[in-house]
Each structure stands twice: as C-alpha cells, then as structure tokens.
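The values are calculated or read from the model by the stated rules, or taken from the named source; none is laboratory data. Treat the numbers as computed from the prediction; the structure is a model and nothing was measured. FYI the Cβ positions are ideal-geometry reconstructions off the backbone, even for glycines, and counts take in every protein chain you see. SASA here: full protein model, heavy atoms, side chains in, ligands and nucleic acids out. Shrake-Rupley method; radii C 1.70, N 1.55, O 1.52, S 1.80 Å.
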Amino acid sequence: MTEHVQNERRRQAIYGWILLSPALVLLSLFAFYPSIATLWSSLFSRGTRRRPTEFVATENYADLFADPTFWKVVINNLIYAGATIPISIAIALAMALWANSKIPARGFVRTAYFTPTVLPMIAAANLWLFFYTPGLGVLDKIGGLFGFESVNWLGQPETALWAVIIVTIWKEAGFFMIFYLAALQTIPEDLKEAADIEGASRWTYTRRIVLPLLMPTTLFIMVNALINSVKLIDHLFILTKGGPSDASKLILYYIWEMAFAFFDAPHAAAMTIMVLVVLGIVAGIKFTILDKRTHYQ
Amino acid sequence: MSSDTPFVHADGVAKRWNGQLGVENVNLTIPRGSFVALLGPSGCGKSTTLRLLSGLELPDEGSITIDGRDVTAAAPSDRNLSMVFQSYALFPHLSVAENVIFGLKVRKVGAAERREKLDRALEITGLTGYEARKPGELSGGQRQRVALARAIVANQPLCLMDEPLSNLDAKLRASVRKDIKKLQVELGITVVYVTHDQTEAMSMADMVVLMKDGHIQQTGTPEELYYKPANTFVAEFVGAPPMALIESKALPGFESATHIGLRAENIQVATSGKGRLACKVSECEFLGSETFIGLTHPAASGLTVSLPGLKTIPAGEDMEISFSDSDLHFFDDAGKRLATPAG
C-alpha cells in the first residue's frame, strides 16, 4: 500500500475519533462511570464506625430478595407500568386522531391537551391533591352532590396506587399526543383518498394504514413511557410519600428512601443495578425484535 | 356497447372554494371505452374536474352520471372506478403485492382469487418478481407501475389518472405512455386522464378536453383541436410550435376577423418583394430534422417557420413569408373562431 493511502486512512481515523470524543467523554463521565461505580458499591457492605466496608459479593442482592417491601415495591411498579404505559398511549392516540381531524376549535383542543405537560410534576401533584383531599376535594364535592360517601383516595391502600397512576396518565397523555399529532401530519392526504377509492372504511384505513405508519412513533413513545414509569416519582413526594403502608411506593422512591432516608447506599446501589439491567433488556428487545417489524420512512 | 347513452356524463358541474373559482359549467360526455384527456395549464381546473368525477370532491352545482347512474353525491367507492394518483399514493409500509390487493382485501375477495388477480396485474405491468418489495425500494417508473397495477386489479370499467407520468423522466414517459394506451385498449376500459402535457394528450386520447381558468375551452378529437381550434387560447396552446396570431389589419382583405391564425408548417419563405409579410428573424431553434426560425413582426405574435435540416440565419435578418388563404384560421374580437373568412 502506498504511503499517501495510509496517511489518508490515518487522517480519517483521527477525524472519526475527534468527532466521537465529545459524546464519549460526556457519556463516560456521566453514564458509564456512575453505572460501574454503582455496580462496584453494590458489592460492598455498608460501613459503620465500628465495622468498615467489606466485600460481600451478592449479599446485598440476596437481602433485597428477602425483603418483603422490595417485592411489594416491584409489584407496585409493575402495576404502575402496566397501567400507565398502555392507557396513556391509547388516550394519546385517540386524542391525536381526534385533534387531527377537522373539528371546531382545533387549536384550543390541542392546547388544552398539552397543558398538563408544561406543568411541573410538583405543581400537577398539588393540583391533584386538591382533587383528592377527602371532604374538601373536588372529587368528594362532586360525589357529595350525588350522595356518595367521602372517599380518602390517597389515604387507603386499595386506591392510593391508582390515584397516583391517574395523575401520571393525565400528565403523560398530552405529551405523547404531540408526537402522534406530528406523525399523523406526515401521512400524505392522498393515502386516505386512495383508500377511499378502494372503499376502505375509516376503521380499515386506521387499522391497516395509519396505525402501521405510526408504529415508529408508538415505539418511541413506548420507550419513553417505560422510562417514565421508572423515573416519574415526583408526585409521590406530594401525594402519598409511598404510603399508606407502602401501597403506592415505587422502585425509584424506595431507592431514594434507602439511600437518603435510611442511609443504606449499598442496598440502594444494588436496586439501581437491577433497574438498569431490566431497562437494558427492554432496550435490547426494542432494538432487535421490534425495530425489524416496524416500517421506518 | 351502446353509443347513444354516454358512459360518463357531467352536466353543468361547478365547484367553488370560498368564492374562488374551481371549475364552472363543466359539461362532459364520455363514451364507453374511450380515452379522454383533460388538458390545460396548471390551475385550470382539470384536476378538480377529475376529483369531482371520482367523488373525492362533491360539486356545488350540476350532476354527474356514470354508467347511467346518478352519482353526484355518491361516495368514491360507490362509483365503480379506480384512480392513479400523481404521487402514486402507495402505502409505504406495505409490499408491492399488499399494495395491489389492498382494495380486494377491503372488498373481501377470497385468497385464491386475490392471488390470481394479483399475478395477472403484475404480469401486465411487468412487475412479476417484485411482490415483496416495499415502494421505497422501487424506482419511480416501477412505483408508477404499482399504482397502475392497483388500478388494474380493481377491474373497474372507469379509470381516472391524475398526471400519472409527471414524476417520470422524459424517456420513460414516452414508453409508459404507450403502455398505458395499450392497456386501455386491451382491457377495454374508459380512461379519463389529466395532463398538462399536450404531447401526452394528443398522442393518447380519443377525445381531448382543453380547459382554462375553470372553463372548458374546447372538447374534440386531437385533430379537431389542432385543425379547428375553437378560440385563440386553444390555437396558442395546441401544437409545437403553437399557432401564430396575426392582427387582421396587417393582412388586407380579412377585416371582419380580429386575429388570423397560422401554423408554422403552412408558412413558406418567399423571395424578397414577393412575400405577404415582411418579418425579422429573432432566433433559430435546431431540432435535428428541422429548424424552427422564430420571426418577429409588429402585428403578429408567435410567428415561426419550419425549415428542413440545419439552418443558421443571423438574428435581425429580414425574411419575407407567404402562405395560402386556405390555411388561415379566423378569430373574432372575443377570440372565438369564425367559420368563414368573411371578406
């Protein structure tokens, strides 16, 4: 190989690494290193003044598996994810299909749907506290008109988690709608016309044409909803603080509690690692199986 | 085939948008099995007319009948027609086969029959072997044929085409033009074809409908439009080069007409002093077998003379031309054709 070709190759390689370096540095500093550090610290015991930290391998994980609260929290989070992801996506899609059709006051409808998204979660939680408060809350006031008894939505274990779930759906659906709305507007008008000529009903057109074309958006939203189902816990601090008796406690809240209320960093680290592994597996499924079955334009 | 009842009939059809003109007073009578071209410059209302026939738009006035049935307010799917869109409107996530049989599935045609019709449509359009491809993996010409196959497979007696060739390059356009014409004859279907390209209209159509500003200017065979233009717009639109218009005051003896039309092939170069009009050469356009010489005259527009082979005449040179009275077309001051040259 002649020298100038080799020089050119080297220059290309250097150029590539220069382009890569900002992302590499930032990701290493704020994603890779913390993950590995967390993994590392999850393998050590909590140090006290009398008993220094020591390597315990998977003991922290074993402790968690033996902890009934941990399982309670995991199940809570599964219910939370299982309810918020499909319901918020379904509502977002329905709202987008509606807001994309020729309806009166379309701009107002879209703005109204989007409003919950711009509210900070803490503010939204305070708003819903006003709805849920027994006796004074709007829900009880309305219920009272029809002769229903006062319900402490947030204060009883049977309803607390669902009350939190509803706030999350209310918050997320409008945000996801925007993505659907944007995607719907990229579908050319003449596809509908072609389907009309063939005699396809509105439902057939939606099912066979619109939904498949929205699939990339749905995947994107699904990943976002999944991440949110793990990370969106701000409202717990206002509404329930995970109670009553852990009925509405979610994993991240429990991690926070473990680390900063009980000062048990190793167990918090172990839990964090498990969350990372689960999310990693989901991302793997998304990139391999689901992407192959999705049409990207 | 009964020739006395028209297959498609539009009677006084009008469509307006917020007072803006769409089309006005469109009267069309299309015989069964014919190839009709809606021709005109962009914005003339030819696509609107097609969409009114398809049912994608509903007329504000007038009535439309197809095959003896009043379909003025009927849904597109109730009109027994297929349509080829300018953009092809293929479903991007579906394979070629799925695109073609989409309508059959909607109409609940059985799997075996679907297969059979699909194979036939793909064979006719030369797409056999491309069943599994997505539209994004096809060339422009192939996509166009998928759109055609989708129209063919529906097996409807009427096919509407909205500028189906405008996204293809010139060479492909010429070959697909022949294919479409051949298909129409073989399948015996009626085609209404929208185009702004007069070559397409003149070469394919049995009947040309020339439109301008939402109004039909002339309906007739290509020959009629070429040899008997109904008005000065038709005269100047049809033909390459278009008909030249001469103000009648420049030619003594034809004062009752306002404009006199003359085609390039009817103009001869005359020797100096013996011509009927003295012009100046403005440009030469070499086309291979002939050269178009553009001429300027203060009382005429679009004067062109066609000379065989390569000719280079410097611009500004004087040239006299002659022509015979029988080749002249006469138009009144409203631009309408006059039957006889009243002298």
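Considering only GluC sites (Glu not before Pro) in DSSP loops that have at most 11 other Cβ atoms within 10 Å, the longest stretch of chain A without any of them is A:150-297. Taking 1.002 mPa s as the viscosity and 20 °C as the temperature, the Stokes-Einstein diffusion coefficient of the protein assembly as shown based on its alpha-carbon Kirkwood radius rounds to 67 µm²/s.
Give me the percent of accessible area attributable to carbon and sulfur for the stretch A:67-292, probe 1.4 angstrom. Answer for the stretch A:67-292 is 74 percent, counting heavy atoms of protein chains only.
Solvent exposure of the stretch B:237-338, expressed per residue, is 49 Å² of accessible area, with all protein chains present and a 1.4 angstrom probe.
Mind checking the mean number of beta-carbon atoms from other chains within 10 Å of the Cβ atoms in A:177-190?
Working: counts 0, 0, 0, 0, 0, 0, 0, 0, 0, 0, 1, 5, 3, 9.
Counting Cβ atoms of other protein chains within 10 Å of each residue's Cβ and averaging gives 1.
If you place +1 on the Cβ of every Lys and Arg and -1 on the Cβ of every Asp and Glu, how big does the dipole about the Cα centre of the stretch B:231-343 come out, in debye to the nearest 20? Working shown, then result.
Details: 8 positive and 14 negative charges, 20 e Å.
Dipole size: approximately 100 debye.
Relative to its residue count, the stretch B:43-180 spans a Cα convex hull of 127 Å³ per residue.
Projecting the Cα atoms of A:Leu226, B:Val305, B:Leu277 onto the charge dipole of the protein assembly as shown, computed from C-beta unit charges around the Cα centre, puts A:Leu226 farthest toward the positive end.
Computed over the Cα atoms of the stretch B:183-321, pair by distinct pair, the Kirkwood hydrodynamic radius stands at 16.9 angstrom.
Hey, what's the stretch B:8-234 come to in accessible area per residue, 1.4 Å probe, Å²?
Result: 41 Å² of accessible area for each residue.
Evaluated at q = 0.18, 0.29 Å⁻¹, a Debye calculation over the C-alpha positions of the stretch B:174-228 (equal weights, vacuum) places log10 I(q)/I(0) at -0.63, -1.25.
Computed over chain A, the per-residue total of -39500 (n - 2.57) for DSSP H runs of n ≥ 4 gives a 222 nm mean residue ellipticity of -22500 deg cm²/dmol, rounded to 500. Shape verdict for the stretch A:67-292, please, from the Cα gyration tensor: rounded (a/c under 1.5), prolate (a/b greater than b/c) or oblate. Oblate shape, in that a/c is at least 1.5 and b/c is the bigger or equal ratio.
From the Cα gyration tensor of chain B, with a ≥ b ≥ c the square roots of its eigenvalues, which class applies: rounded if a/c is under 1.5, or else prolate if a/b is larger than b/c, or else oblate? Note, shape of chain B comes out prolate. Counting only whole DSSP H helices of chain A, the ones at least 20 Å long by C-alpha along their axis and with mean Kyte-Doolittle hydropathy no lower than -0.5 are A:3-27, A:68-100, A:157-185, A:211-231, A:265-285.
Counting only other residues whose beta carbon sits under 14 Å from that of B:Glu265, what net charge do I get with K and R as +1, D and E as -1?
Net local charge, B:Glu265 excluded: -1.
Phi angles of the stretch B:275-283 translate, via the Karplus equation with coefficients 6.51, -1.76, 1.60 and θ = phi - 60°, into HN-Hα couplings of x, 9, 9, 9, 10, 10, 6, 9, 7 Hz per residue; Gly and Pro are given as x.
The sum of -39500 (n - 2.57) across all DSSP H runs of n ≥ 4, divided by the residue count of chain B, sets its helix-only mean residue ellipticity at 222 nm to -7000 deg cm²/dmol.
Measuring nothing but how far apart in sequence close Cα pairs (under 8 Å, 6+ apart) lie, relative to its length, the stretch A:67-292 scores a relative contact order of 29 percent.
If I compute solvent accessible area with a 1.4 Å probe over the protein chains, what percent of it on the stretch B:153-272 is carbon and sulfur? Summing carbon and sulfur atoms, their accessible area is 52 percent of the total for the stretch B:153-272. The residues of the stretch A:67-292 expose, per residue, 48 Å² of accessible area to a 1.4 Å probe.
Taken across both chains, chains A and B shield about 1800 Å² of accessible surface from a 1.4 Å probe. Rounded, prolate or oblate: which fits the stretch B:97-139, taking a ≥ b ≥ c as square roots of the Cα gyration tensor eigenvalues, rounded meaning a/c under 1.5, else prolate when a/b beats b/c? In terms of gyration-tensor shape, oblate. Taking a straight Cα-Cα cut-off under 19 Å and skipping sequence neighbours fewer than 8 places away in the same chain, the aspartates and glutamates within cross-link reach of A:Lys102 are A:Glu189, A:Asp190, A:Glu193, A:Asp196, B:Glu57. In terms of accessible area, using a 1.4 Å probe and ignoring ligands and nucleic acids, A:Leu78, B:Leu38, A:Leu43 rank largest first as A:Leu78, A:Leu43, B:Leu38.
Largest first, what is the accessible-area ranking of A:Asp190, B:Asp206, B:Asp213 with a 1.4 Å probe?
From most exposed to least exposed: B:Asp213, B:Asp206, A:Asp190.
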